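What follows is calculated from the coordinates using simple rules that are stated; it is not laboratory data. This structure is a prediction, so every number in the text was calculated from the model and none was measured. Because the Cβ atoms are built from the backbone with ideal geometry, glycine has one as well, and the counts that use them run over all protein chains shown.
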Amino acid sequence: MAELLVVRHAQASFGSDNYDRLSDLGRQQSALAGEALRNMGWVPDRLITGALERQKQTLQAMGFSEAPEVHAGWNEYDFHDLLRVRFGGTIPDPVQHDRKTHFRTLRETLREWQAGGVAGARESWDEFRSRVEAARAFATETDARRVLVVSSGGAIGQLVAASLNTPPEQMIALNLQVKNTSMTRFIFTTRAFFLHEFNATPHFAPPEHAEMLTYS
């Protein structure tokens, strides 16, 4: 059986004009994640990212210089768009810059989106689910035995939820648990796909690295 290892991108630039780039801490997190894989002897024979800069930057900072394949199905849902639509075009400042307010509001917005609301958003909930499934198929229809993907929390949450056949709302809970540079592992064959490990961060286990753990 082959392995699909999906890593969430490292810490991005929350609250800035351009979220889609790594912070300095994010680059350090990525380096530790790459080192952890090498220490485990886990060498990928296929590299994939979504189309987002923070995903590509994470893979590069992990120490993989080889150009990855890119599949936009691994991208995050556009939470800025969902929030703008919900609030009539302008995201309130506390939602944009205060973490607790942001994630509470995002949770509410995702529930509404899953129920068919947030009309006018660029992507519907069903479209999001379909593209994540297309990304999974792209990554696993392969002769490669170790596939490394760098993706985002929402796509990872949906992939896990679908693999476990959970209700849609469970994706939200999973999404908001996914840590930056965490590793979620699946086992796959031509006929099977199942979860093996969720949200692991062995690179933050040493006490000197514990404070580097982040969620956004």
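Details
- Based on C-alpha pairs under 8 angstrom that are at least 6 apart in sequence, the range 89-216 has a relative contact order of 16 percent.
- Cα gyration tensor, the range 78-121 - rounded (a/c under 1.5), prolate or oblate: oblate
- Stretched out straight at 0.36 nm per residue, the stretch from ALA119 to GLU35 would grow longer than its current Cα-Cα span by 25.9 nm.
- The range 123-147 residues near the modelled ASP78 label - backbone nitrogen below 18 Å, point 7 Å along Cα→Cβ: 123-132
- Taking other Cβ atoms within 10 Å as a rough exposure proxy, LEU164, LEU83 sort from fewest to most as LEU164, LEU83.
- Among GLY88, GLY63, GLY120, the largest mean-square fluctuation in a Gaussian network model of the chain (Cα springs under 10 Å) belongs to GLY88.
- Answer label for mean projected area of the Cα convex hull in nm² (calculated), chosen among (1) 13.3; (2) 11.5; (3) 10.2: (2)
- Additional length obtainable on full extension of the chain from GLU66 to ALA144, 0.36 nm per residue less Cα span: 26.5 nm
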